[in-house]
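Peer 1: Next up is a structure, given as structure tokens.
Each value in this text was obtained by applying a stated rule to the coordinates, not by laboratory testing. These figures come from a predicted structure and were not determined experimentally. Heads up, the Cβs are rebuilt from the backbone with ideal geometry, glycines too, and the neighbour counts pull from every protein chain shown.
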Amino acid sequence: MAECHPVGFQWVMEAKERGAKVFHVDPRFTRTSAVADEHLGIRVGTDIVFLGALINHVLQNGLEFREYVENYTNAATLVREDFVDADDLGGVFSGWDPESGTYDQQSWGYDGMDVRAPAGSPFKKDAVDDPQEGDDAQTSSGEQSHGAHGADVGDPDELKTDPTLQHPRCVFQVLKRHFARYTPDMVERVCGIGPDQFARIADAITENSGREKTTCFIYSVGWTHHTTGTQYIRAASILQLLLGNMGRPGGGIMALRGHASIQGSTDIPTLYNLLPGYLPMPSAAPPGEDDLAAYIESNEPEGGFWGNARDYTVSLMKAWWGEHATAANDYGFGYLPRITGDHSIYPTIMGMHEGEVEGFFVMGENPTVGSANSKLHRMGMANLKWLVVRDLQMIESATFWKDGPEIETGELRTEEIGTEVFFLPAATHAEKSGTFTNTHRLLQWRHQAVEPPDDCRSELHFTYHLGKRIREKLAASTDERDRPLLELTWDYPTHGPTEDPSGEAVLKEISGYTVADGKAVGGYRELKDDGTTASGCWIYSGSYADEVNQTARRTPNTTGDIASPAPEWGWAWPLNRRVLYNRASADPAGKPWSERKKLIWWDEEQERWTGLDIPDFAGDMRPDYVPEKGAKAEWALRGDDPFVMQADGKGWLYAPSGLLDGPMPNHYEPHESTAQNLVHPGVQASPTRQIEEREDNRSNPEPTEDGHAVYPFQVMTFRIAEHHTAGGMSRFLPHMAELAPDPYAEVSPELAELRGLQHGEWATLVSARTAIEARVMVTDRIRPHVIGGRQVHTIGLPYHWGPNGLAVGDSANDLLPIVMDRNTHISEFKASTCDIVPGRRPRGADLEPFVQAYRDRAGSPGRPITPVEPGRTPEHHGADQRPIPPEELDRPLAGTDPHGPPKDYGTTEHPPLGRGREPDWTPPEESA
Amino acid sequence: MGKTRRRRLPPLLRQLTDDPTGRGVAAQSGRSAAIRPRNAKDTADKVVDSVCPYCAVGCGQKLYVKDEKVVHVEGDPDSPVSRGRLCPRGSSTPSLINSPTRVTTVRYRPPNATEWQDLDLDTAVDMIADRVIDTRRRTWQDRRHSDNAMLRRTLGFAHLGGATLDNEENYLLKKLFSAAGAVAIENQARI
Ligand code: SF4
């Protein structure tokens, strides 16, 4: 954190000065470790063992915050009789289907819970007879199958509970049995953290939780960049719920996100599986099951705020299609495209290789440096018809056709790359106004300082004018498929000679307005499902309340109150609430757990909730409120149910649905690891991990395989303070380049000795994908672990470099395979294996034979692996990424369009794609 | 004005008249009197409230603008997030904006060409609009045969956005591309 979020780290230091203890758990000793009370040098990829042991410590010693757990979590709820834990099935949970390599989640449910199937989801298997298409939810993100938008748990009266938490099938006991395997001894053997150190952190955390104190967890991509990443965060959530640290000041789990508005990019997602405000993107479903009613039916549980999903959805449709969104046409719900599986970036890149994807917009992103197995991205992009890159500098993703690594090796030849490339210069943050949503859910408005130079424009400008141009060109079309474009609300006020659209007008649309008079709404409580309100993102509703840009407020910390500093600085979603689930900051009767940790409380005299933050629920809901039968949304939850986004209002210690890899976290080693799985020896890596299984994405052998010794070392990528991600905003700036000019690899003195590496000299790192070079940094900051009697080494590798700019070098991500957490489709950047040898890597055409020699030694052609998981078949890997075969689609090709012949849009028809094809776009005259 | 006149007095007199501790104007040379702090408001035409574009902490920035150029950045002391601090990345903002290697005009590479060409911005946007329309038409998927499920989409073009885009920008991108039927709309947020 001190390295990547330096200014945010001042608050950790301030807490330390006030007496907080700071533990830093990281395989590397970093600038954070240097000032922490203690550094725990965990082995890469073993956090579930560490967190699981903390959970076990709490449960075995009765250290949980009992009153909190009893009232605010699902600890008392009984799990179905047919649920079997992974311990009893050799490492997989019940419902494992060896054929498909996925789980049937039925048995994970609560006793009495009726799993209602989302439209077009796998739970409706009978609806879809195509086996390939039948597993949408196994290929979609976990939140797609539900979860993020509130899994329905059915009628709460039907659920069986044991408030004494004694029943062997109640969540509390299931949890206790599950985590019993995670002992301090296991932590020592798997994570390499000794029992004394473990005892110190276990004591510190438990002593610092309860009525008077709270403990906070902070994580970043060190957790998400794993094939089990989602379950890392689940493990922390379970621990924090048991200790009563959620929804309270100083508690929680803080996700430190990497970029200015990465939180905003998730809230208003440019993500394939979500609509704004975490509404799921609709999945394809047979006629009759894919209308708005079916979508709402599967996404609107009785209880909690998702119970108003219809208000949010209809208001979104009204914001997009205005007067054309009417009750008669389902408010334009049928205008939305449908998803049929994983359409995230990695399958999209594969689609480029196959010629399925022919056009690509890249805006402010540098995938040929920043994505796992970046070579695969470059090769895919070399097979595009057209590419639009918008950036400030000439980044690698725009120039791979000219000077990419494959040009050097001869694998690609510039004249043979048919990709037409448009580089459009972008405006900087100072040259446009708008909001970022920073990591704390805080929307902060930036005022424009200067005009962008020359052709530089904001993405707002580009997108608005591109949309305008497309709509003009299609204006005469009567084609049904063009209606969503033509009927789109797209008339934002513009100003200045470049006709810059108004960001404030867009923000107001996002926040919402009443359709009749265009007046800004105060928040999502005012949104309606009858088409009388519009709001582009319900969780941002209220950011423009009272016709005031609330995000531009800059009132400094005036309250002096540590629990709620500066409530009028910017605007936090939702409704400017600063602590989510803050009902949990008070006891069931509505009194703060302690004076020290008070946040909101029930004022009996005024019959209202009051305090330092905005309550998570209706301000007049009594703490002892009990819903009547048939109550809806928030009013279907009790007055002491704090987790208002959950259908049952409870914090989930156990996830009865919503995750694809298990209802509780379980340790599996990374896909590429230096150690065998000691927790579940029969299952080495996560059985549900998603692999792009191809010749150009080979995996290194597993520790059980002979060839493992060829790539014997663990490598983890990381970031440093002096550079920013893929380098587009840092490697081109002189003093940043000077601070950190070369890529480097951190190795321990032991590893340096083993491989003859010299500090400051070059070394070559090689995997089954490729080889890269970096300067050697021999340092005690990174230590070997002894696992299973063997010394295992880890290499730390910052990933910021590429061939362009002032600070140049090989991209670390070229080394990595694409292998993902199936819940999120995030690749395992933080753990892979490699070899390291002294000296620079071979140049040009010599590189590939060098890499191939390694592959040969490892057992040609490397993995595609023989699976070690029970019943897993090689065919399974990547099978879910296959595109729908052409015959499966009504795809109107030119001239066979059932809607009539294609109109003349002023472009020519093109022959099928293929590398080396002739140029098939006519370059514009003025540039020819 | 008065001070300027007094500064011409000998130091001792300055100390007697104006600066009893001898650490203020009495010790000041003509040169040091002329030095202005970098963050003095009068060195700039205006100071604009902004937010750091690098990491997600969201530190407050004060951008100093002179002659329509960002000449300096300071941390915003009012910000409850950052209390006036900026890290090396945040402090580098002016060089990010004024970078000499920044590309400010459209560059175009026709298929199989070996070099960039110039292209007019308006023409570029027009050509891109044509390509979107064309790709979309040829790669359109109406229905899935097996169950006649509506797809109403194209997988023929995709988008990958960085996470320094504004909310308003992401919103227009999602809105436009969804209306066009594109589903492979992705972001750094997943990476
Ligand atoms: S100044 Fe540094 S810590 Fe603050 S937002 Fe910018 S990059 Fe992050």
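Peer 1: Out of all DSSP beta bridges with both ends in chain A, state the antiparallel percent to the nearest 5.
Peer 2: Close to 60 percent.
Peer 1: What ranking do A:521-527, A:363-369, A:270-276 get when scored by the average of other Cβ atoms within 10 Å per residue, highest first?
Peer 2: In descending order of packing, they fall as A:363-369, A:270-276, A:521-527.
Peer 1: A further question on this structure: Within 10 Å of each Cβ of A:722-734, how many other protein chain Cβ atoms are there on average?
Peer 2: Going residue by residue through A:722-734 and averaging, the value is 5.
Peer 1: Non-local amide H neighbours of residue A:533 (under 5 Å, H modeled in plane, Pro and chain starts lacking H): which ones?
Peer 2: When sequence neighbours closer than 5 places are left aside, the close amide H contacts are A:515, A:528.
Peer 1: Per-residue HN-Hα couplings for the range A:570-577, Karplus 6.51 cos²θ - 1.76 cosθ + 1.60 at θ = phi - 60°, whole Hz, x for Gly and Pro?
Peer 2: The phi angles translate into x, 8, 9, 7, x, 6, 6, 7 Hz.
Peer 1: Tell me what chain A gives for mean residue ellipticity at 222 nm when only DSSP H runs of n ≥ 4 count, each as -39,500 (n - 2.57), the sum divided by the residue total, rounded to 500 deg cm²/dmol.
Peer 2: It lands at -6000 deg cm²/dmol.
Peer 1: Per-residue mean of other chain beta-carbon atoms within 10 angstrom of the beta-carbon, peptide A:6-18?
Peer 2: Across the residues of A:6-18, the mean count of other-chain Cβ atoms within 10 Å is 4.
Peer 1: In percent, what relative contact order does chain A have, based on Cα pairs under 8 Å that are 6 or more apart in sequence?
Peer 2: Relative contact order here is 16 percent.
Peer 1: Can you bin the range B:46-97 into rounded, prolate or oblate? Criterion: square roots of the alpha carbon gyration tensor eigenvalues sorted a ≥ b ≥ c, rounded for a/c under 1.5, prolate for a/b above b/c, oblate for the rest.
Peer 2: Cα axes put the range B:46-97 in the oblate bin.
Peer 1: Moving on to the next point. Just to be sure I understand the rule: take each whole DSSP H helix in chain A, project its Cα atoms onto its long axis, keep it if the span is 15 Å or more and its mean Kyte-Doolittle hydropathy is at least 0.5. Which ones pass?
Peer 2: Qualifying helices: A:47-60, A:229-242.
Peer 1: Of all alpha-carbon pairs in chain B, indicate the percentage at a distance above 32 angstrom.
Peer 2: Everything past 32 Å amounts to 50 percent.
Peer 1: Can you list the residues, at least 5 places off or on another chain, whose amide H is less than 5 Å from the amide H of residue A:500, using H built in the peptide plane?
Peer 2: Excluding prolines and chain starts, which carry no amide H, the hits are A:495.
Peer 1: Another question about this same structure. Treating only the Cβ atoms of Lys and Arg (+1) and Asp and Glu (-1) as charged, compute the dipole magnitude of the protein assembly as shown about its Cα centre; round to the nearest 20 debye.
Peer 2: 4560
Peer 1: Using the alpha-carbon centroid of each, what span in Å lies between the range A:197-263 and the range A:495-568?
Peer 2: 31
Peer 1: On to the next question. What is the Cα coordinate range of the protein assembly as shown on the first, second and third principal axes, sorted by size from largest, in whole angstrom?
Peer 2: Cα extents, longest axis first: 93, 78, 75 Å.
Peer 1: Sticking with this structure for a sec: Excluding residue A:403 itself, calculate the net charge of residues whose Cβ lies under 13 Å from the Cβ of residue A:403, where each Lys or Arg counts +1 and each Asp or Glu counts -1.
Peer 2: Here the charged neighbours net out to 0.
Peer 1: Taking θ as phi - 60°, what are the ³J(HN,Hα) couplings along the range A:630-645 by the Karplus curve (6.51, -1.76, 1.60), each to the nearest whole Hz, with x for Gly and Pro?
Peer 2: For the range A:630-645, the Karplus curve yields x, 5, 10, 6, 4, 7, 8, 9, 7, x, 10, 9, x, 8, 6, 8 Hz.
Peer 1: Might you report the magnitude of the Cβ-based charge dipole of the range A:207-292 about its Cα centre, with Lys and Arg at +1 and Asp and Glu at -1, to the nearest 20 debye?
Peer 2: Roughly 480 debye, rounded to the nearest 20.
Peer 1: Could you work out the local net charge near residue A:760, counting Lys and Arg as +1, Asp and Glu as -1, over the other residues with Cβ closer than 12 Å to its Cβ?
Peer 2: Local net charge: -1.
Peer 1: Pop the C-beta distance of residue A:411 and residue B:104 into the FRET formula with R0 = 41 Å and round what comes out to the nearest 0.05.
Peer 2: With R0 = 41 Å, the Cβ-Cβ based efficiency is 0.80.
Peer 1: Could you list, in their original order, any pairs among A:385/A:473; A:597/A:650; A:213/B:62; A:473/A:519; A:375/A:432 whose Cα atoms are separated by more than 30 Å?
Peer 2: Violating the 30 Å Cα-Cα cut-off are A:213/B:62; A:473/A:519; A:375/A:432.
Peer 1: Moving to a separate point now. Where does helix B:167-179 land angle-wise versus the long Cα axis of chain B, in degrees 0 to 90, nearest 10?
Peer 2: The answer is roughly 10 degrees.
Peer 1: Follow-up question, since we're still on this one. By the scheme Lys and Arg +1, Asp and Glu -1, what is the net charge of all other residues having a beta-carbon under 12 Å from that of residue A:717?
Peer 2: Residues near residue A:717 contribute 0 overall.
Peer 1: Okay, next question. Can you figure out the FRET efficiency of residue A:603 with residue A:494, using R₀ = 56 Å and their beta-carbon distance, to the nearest 0.05?
Peer 2: Taking R0 as 56 Å, the efficiency between residue A:603 and residue A:494 is 0.70.
Peer 1: When you look at the Cβ of every residue in A:471-480, what mean number of other chain Cβ atoms sits within 10 Å?
Peer 2: Counting Cβ atoms of other protein chains within 10 Å of each residue's Cβ and averaging gives 2.
Peer 1: If each residue's Cβ is checked for other Cβ atoms within 10 Å, how do A:641, B:130, B:67 rank with the fewest at the top?
Peer 2: B:67, B:130, A:641
Peer 1: Can you give the angle from 0 to 90° between the axis of helix B:121-138 and the longest principal axis of chain B, with both taken from C-alpha atoms, to the nearest 10?
Peer 2: So the inclination is approximately 30 degrees.
Peer 1: For the pair residue B:67/residue A:514, report the inter-label distance in nm, with labels modelled 7 Å from Cα in the Cβ direction.
Peer 2: 5.3
Peer 1: Just how far, in whole angstrom, is the range B:68-131 from the range A:418-457 if you go by their alpha carbon centroids?
Peer 2: What the calculation gives is 8 Å, centre to centre.
Peer 1: Could you work out how far apart the two model spin labels at residue A:591 and residue A:618 are, taking each label as a point 7 Å from the Cα in the direction of the beta carbon, and quote it in nm?
Peer 2: About 2.6 nm, to one decimal.
Peer 1: Quick query: amide H of residue A:96 versus all other amide H atoms, modeled in the peptide plane; which residues come in under 5 Å with a sequence gap of 5 or more or a different chain?
Peer 2: A:104
Peer 1: Given R₀ = 56 Å, FRET efficiency for residue B:13-residue A:35 by Cβ-Cβ distance, to 0.05?
Peer 2: 0.65
Peer 1: If you take the C-alpha gyration tensor of the range A:742-844, multiply each eigenvalue by 5 and take the square root, what semi-axes do you get, largest first, in whole Å?
Peer 2: 21, 21, 12
Peer 1: Still on this model: Can you give me the C-alpha center-to-center distance between the range A:595-662 and the range A:1-77, rounded to a whole angstrom?
Peer 2: Taking the Cα centre of the range A:1-77 as reference, the centre of the range A:595-662 is 26 Å away.
Peer 1: Here's a follow-up. Enumerate the calculated ³J(HN,Hα) couplings along the range A:261-272 in order (Karplus 6.51 cos²θ - 1.76 cosθ + 1.60, θ = phi - 60°), each rounded to whole Hz, writing x wherever the residue is Gly or Pro.
Peer 2: Each residue of the range A:261-272 in turn: 10, 5, 5, x, 5, 8, 5, 9, x, 9, 10, 5 Hz.
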